[in-house]
Structures are given as structure tokens and as C-alpha cells.
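A short worksheet on the structure shown next.
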Amino acid sequence: MGGYLDNPHNFDQIAPYIILDQMNAAQEILMADKCFFYDACSFRKHVHIQKTENLFRFFNLQKGIVIITRGILMELASGSGYLNLEFIVYIKRMYMAGLKVLVIYEEDLFEVLSMCFSANEKINVLLSWAVKNVKRPTGTIERTLKEDKILLNEVIKNVAKDSRLYTRFFQKVRCNKEAGDDLGEELLAVCVHILANLPEKQQFKYIVLTEDKGAVGLIGKVRKDVSLYGKPDAFSAMTTNKLAQRLYEEKIIDKKEQVEEILSAGAAGMMVKIFASEKYDLEPKEKTMTCSELAEKIAASDAIHINF
């Protein structure tokens, strides 16, 4: 697996600060108002935010929980098989701020769905729909199914009726993880697509935190697919640029310098690319500017609306 482990060698160092139990995790997902799913790129960026208490306050005010899937944990521990110290510290900080942090196997979602749907066949059909809508022609999921004809048949063609399909599918796909692939974003999209079927009153309950424009595009595509059967507002994606604007709008931060610190956290350069509309734009478009310029626009009333 080229150094990819869904259970890093130093996993015990985050164990005191996370919820691991499958049943407890399922209940937390169902009870939360918001579920923030971390992509690896946003996690790595947020680790470098100096005043993380502002970010954690936003999560808490949303009555949210933080979810790290095993596919993302594999990316965070890639190469060495160990989680970096700053990752461990960040997870501990979330815990100390009163946030509930779940580390789940993607297949644990079967437990969540089984609390709402009694038939295994129904739950497995939801996985089938998600995989069909999410998989890309050159993606790891597609490659896995082409290589495993039995799994292809069970997931896509004649959907299996047993309770182990989620485990067979997600375990096999994670085993095919390769450097530079898009498996993390594919699996996150599958997860939120599945969860969109739950009977929820909350709009946009499931938020994928990502810096990857490809991941945002995939989430947007999947939302259109989900709209065909009525739940397009169940999930969305949010970049740190968008998150910084939300923090300012919620009055969690109130200074341009605070906005700029979030925008520039962990950045190699001081330039950012956003998809946004300014005051007199007729439609949103891609824009490039410095962190300072964007922070100034965010701090100015109604100067800019960031999509991602």
C-alpha cells in the first residue's frame, strides 16, 4: 500500500481525544446539527491557524461535530505511517475546546443508516446509488471495481442484500489507495451522498472541509445528482477562504488582521484563488488576489461573496 495505513502506528496518541465506538459515533452523527468532514488538505492547513479557538467556536456554535474518515487518516499518515505531532496536538485542541471528534471507518455509516432503515437491501441500494454517481472514469473506485468483478456485481449490478457489503467495498477500495490519486475526495463524496438519504430537517448538515477545487466540483456534481430524488441541500463543501468569511459574518472575528491570519495559514505564498462575486459582478468567477486584499474585502461590508 506504499505507506498508507488506515490505522497509523501512533494511533494510540489520538485515541484519548476521539470517539471510536461505532454505535456511539452513529448516535453522534444522527444527533448533531452539523457534521464537518475534514479533507486532508484542510486539516493540514487548519493545523497552522494560530488562534484555533475562533475556528472551534464556529464549530461549536453550529452544534457541530468533526469527522475524520479512515481514508483521510491514511492520507494524513502517508509515507511514514505515523501522524505528525502537530496533527495530534490539533486533535487534542479540538477535544479540549469541547468538540466531539469522530474517527470512523467509512463502512461505519452502515450502522448510522441501520438506525433509520430496517432492510439491509435498502441500505445497500443507497451505497450503490452513491458509488454510481461519485466514481470517476479514471478514479480509484472505478479501477477497484474493474479489477474485482464480484464486487462490481454486488455494488453496481445485482446489489447484495447482506450487511457486510459496506465493509467489503470500503476495505477493498482503501487497499487500492495510491499516491496522488483522488480517493480521499471520492470517498468523502460517497459518504455525504449516502447520508443525504437520512430523514433530516437540517439544511446542509454535512459539510466537507476542503481546499481542493476538484473536490468542490465533485461535491457540486453529486448534489445535482441527489437533487433528482429530493435532497440537494443535505450537504455542501467549504474552503478555508469561505470559512474565514463565515467567521467574520458570525462576528467570531472582527478584524481584517484576524481574517488574513486564517487565509494565510500554512500557505506557501501569499496569493489565493477563489471563486466569488464582487459587488457589481453579474455572476461569480475565478479571482486571484493576495491574502491581505481578500481579507480587506471580507472585512468591508458586502464587498465580496465567496463561493469557494
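When N241 is tested against (1) in contact (Cβ under 8 Å) with a residue 12 or more places away in the chain; (2) farther than 18 Å from V47 by Cβ, just one condition goes unmet, and that condition is (2).
Filtering F56, F43, F37 for residues that are under 18 Å from I219 (Cβ atoms), hydrophobic (A, V, I, L, M, F, W, C), at pLDDT 95 or above and not in a strand (DSSP E or B) leaves a single hit, F43. In the set A119, A130, only one residue is out of contact with any Leu (no Cβ under 9 Å at 6 or more places or on another chain) and crowded, with 21+ Cβ neighbours inside 10 Å; that residue is A130.
Check whether at least one residue in the stretch 46-61 is open to solvent by 50 Å² or more (accessible area, probe 1.4 Å), touching a strand residue (DSSP E or B) at 6+ places or on another chain (Cβ under 7 Å) and within 19 Å of V192 (Cα to Cα), and report yes or no. Within the stretch 46-61 (the criterion being open to solvent by 50 Å² or more (accessible area, probe 1.4 Å), touching a strand residue (DSSP E or B) at 6+ places or on another chain (Cβ under 7 Å) and within 19 Å of V192 (Cα to Cα)), the answer is no, since none of the residues qualifies. Going through I72, I67, I91, I104 one at a time, which residue ends up being buried (at least 19 other Cβ atoms within 10 Å of the Cβ) and in contact with an Asp or Glu (Cβ under 8 Å, 6 or more places away or on another chain)? Going through I72, I67, I91, I104 in turn, the sole match is I72. For the stretch 64-145, the helices (runs of 4 or more DSSP H) that sit wholly inside it and include 2 or more residues that are over 20 Å from the mean Cα position of the chain (by Cα) and under 27 Å from P199 (Cα atoms) are 120-134. Within the stretch 11-23, the set of residues being polar (S, T, N, Q) and at pLDDT below 95 comprises just one member, Q22. Take the stretch 20-38 and flag every residue that is open to solvent by 10 Å² or more (accessible area, probe 1.4 Å) and in contact with a Leu (Cβ under 7 Å, 6 or more places away or on another chain). Of everything in the stretch 20-38, just one residue is open to solvent by 10 Å² or more (accessible area, probe 1.4 Å) and in contact with a Leu (Cβ under 7 Å, 6 or more places away or on another chain), namely E28.
Can you tell me how many residues within the stretch 133-153 are open to solvent by 60 Å² or more (accessible area, probe 1.4 Å), among the aliphatic types (A, V, I, L, M) and touching a residue at least 24 places away in the same chain (Cβ under 8 Å)? Number of matching residues: 0.
The values are calculated or read from the model by the stated rules, or taken from the named source; none is laboratory data. All values reported here derive from a predicted model rather than from experimental measurement. Ideal geometry is used to build each Cβ from the backbone, glycine not excepted, and the neighbour counts take in all protein chains shown. Accessible surface areas use protein heavy atoms only, side chains included; no ligands, DNA or RNA. Shrake-Rupley method; radii C 1.70, N 1.55, O 1.52, S 1.80 Å.
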